[in-house]
Structures are given as C-alpha cells and as structure tokens.
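First comes the structure, then the notes that go with it.
The values are calculated or read from the model by the stated rules, or taken from the named source; none is laboratory data. Predicted, not measured: the structure shown is a model, and the values here were computed from it. With ideal geometry, Cβ positions are generated from the backbone for all residues, glycine too; neighbour counts draw on all protein chains shown. Note: accessible area is taken over every heavy atom of the protein model, side chains too, but ligands, DNA and RNA are not part of it. Shrake-Rupley method; radii C 1.70, N 1.55, O 1.52, S 1.80 Å.
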Amino acid sequence: MSPRLSGLLVAVPVIALLVAGCASTDDDARPGVTPTSAASSSGAGDESDIQPPDDLSFASGADLDPRLRAQWGDPLMADAAFTLTTPDDGNGTWAYTQNSSQCEVRFWQGDISSITGTDDDRTLSDAVLATWLQVGTDQVTASAQDDAVGYFTGEAARTQVRAVAGTTQSGGSWVAAARGLRAIDGGYVVHITCPAGQDAQAVYASVRTSGLTLVLAPGL
C-alpha cells in the first residue's frame with residue numbers, strides 16, 4: 001500500500017474553497033486546459049507500426065508515438081457501490097458518488113497544449129494538477145508525491161502520476177492525481193472529495209485497486 005499523501009499546506013483556505021466548489025458544480029474546464037474527450041489527433045495513416053511502451057513511467061512518456069491517444073479506463077462504470085451523478089456530456093468530465101460515504105470521484109481528460117514551459121511529464125503533471133486546483137505549480141510540487149495507477153498492458157504495468165491531498169473548509173478531505181503526456185498534449189485527472197468524517201485517501205486507494213487505469217492506444 002502506498003504511504004499517505006502529504007497535504008497541500010500552502011494557502012490551504014483558498015485551495016479548500018476551490019476544491020469544495022468543484023465538487024458541487026459541473027464546470028467542464030479549468031484555466032489553461034481545454035475540455036475534450038481525448039487529446040486531439042494529428043496523426044494519420046497506417047497505425048500497425050505503433051508500439052506503446054511496456055509501462056507509462058514519466059520517462060517513457062517522452063518517447064510516445066504522437067499518433068497514440070490515451071483515456072481513463074473507468075473502473076466505476078459497473079460498480080454498484082457508486083452512482084453516476086455527472087454523466088460525461090462529451091466535454092471530458094464525469095463524476096460518481098459513492099453511495100455509502102457520499103464521496104465524489106470526478107474524472108477529467110482533455111487537451112493541455114495551452115500549458116507551456118514544461119517539457120518532462122513529471123513537471124507537466126504538477127502543472128496539470130495546479131491548473132485543475134487553480135493554484136501555483138510550485139505549491140503543488142512542494143506537496144505532491146509520485147504515485148501510480150494501472151496501465152492497459154497488464155496487472156504488472158503502471159502509469160506514473162503525481163498526487164496531492166488536502167482538506168476542505170467544511171472539514172472534509174480530498175485527493176487529486178494527474179498525469180500529463182506532453183508527447184500527445186493529453187491531461188488526465190482523478191479528483192476525490194469527501195465530506196467530514198470520510199477518508200478521501202481510503203477511497204482513492206480503493207478506486208486505484210479496483211482498476212483505475214490509463215488506456216493508451218492508437219485511434220481512441
């Protein structure tokens with residue numbers, strides 16, 4: 001089991017207010033990101049020669065074939081413990097509520113070509129988180145840690161992500177994890193927000209164990 005995520009301690013009251021707001025509204029975009037069901041495709045032609053990497057580490061992300069596309073593999077779609085409360089309207093955002101805890105699990109995926117100044121995927125992932133949370137990238141980098149979710153090639157393969165946790169003004173808790181893929185300008189966020197008395201990190205761990213996966217393939 002991964003260690004507990006460190007809290008985002010800088011300017012917590014501001015962050016908590018924004019996080020609480022995104023849990024209760026249906027905003028499709030954050031500043032600097034474009035909502036879409038997947039990163040836009042610029043590749044064409046024969047895709048039979050495309051070879052995805054064996055895993056999706058921060059380092060291997062730099063060498064992705066630009067014809068590849070990625071999207072979340074959603075483990076909650078057929079999970080009776082969760083109710084789809086915000087269907088995906090094609091803008092790259094959808095969310096579930098866990099019936100027992102009333103924690104929300106929100107997904108986002110979209111184009112991040114407008115996020116500039118970050119070349120490696122690890123730094124880019126921090127920038128995606130910062131854009132989503134509407135805080136400075138330095139604040140995220142100071143508190144976030146490396147984590148991993150699933151990868152489509154199999155149980156042993158992993159997708160590296162950056163994750164950070166915090167609390168809301170109402171006494172709840174939250175966890176956000178993100179991956180940026182500069183080679184295809186794709187950004188992917190999962191954000192869990194729980195009311196007071198519930199543990200967002202425990203829900204995140206459960207969702208990750210149940211099959212939270214980044215799927216990478218041509219033509220998605």
Exercise for review: Tally the residues that are within 15 Å of the chain's Cα centre (by Cα), assigned to a strand (DSSP E or B) and farther than 24 Å from SER143 by Cβ, restricting the search to the stretch 70-92.
Suggested key: 3
Review point. Filter the stretch 202-220 for residues that are at pLDDT 95 or above and small (Gly, Ala, Ser); which is nearest to the chain's Cα centre (by Cα)?
Key: ALA205
Check your understanding: Got at least one residue in the stretch 120-129 being of a type in the set (Lys, Arg) and surrounded by 22 or more Cβ atoms within 10 Å (Cβ to Cβ)?
Key -> no
Check your understanding: Restricted to the stretch 50-68, and to residues that are farther than 17 Å from TYR188 by Cα, of a type outside the set (A, V, I, L, M, F, W, C) and in a loop (DSSP other than H, G, I, E, B), which residue is modelled with the lowest pLDDT?
Key -> GLN51
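Please tell me if THR131 is hydroxyl-bearing (Ser, Thr, Tyr) and part of a strand (DSSP E or B).
It is false that THR131 is hydroxyl-bearing (Ser, Thr, Tyr) and part of a strand (DSSP E or B).
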Review point. In the stretch 108-119, what residues are touching a strand residue (DSSP E or B) at 6+ places or on another chain (Cβ under 7 Å) and open to solvent by 30 Å² or more (accessible area, probe 1.4 Å)?
Key: SER114
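Take the residues in the stretch 196-220 that are part of a loop (DSSP other than H, G, I, E, B) and at negative phi; name whichever of them is least open to solvent (accessible area, probe 1.4 Å).
Here the residue is LEU212.
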Exercise for review: Might you let me know whether the stretch 168-179 holds any residue that is farther than 24 Å from ALA62 by Cβ and either among the acidic types (Asp, Glu) or touching a His at 6+ places or on another chain (Cβ under 8 Å) (or both)?
Suggested key: yes
**Study point:** Residue check for THR86: free of Cβ contacts under 8 Å to residues at least 40 places away in the same chain and surrounded by fewer than 23 Cβ atoms within 10 Å (Cβ to Cβ)
**Key:** no
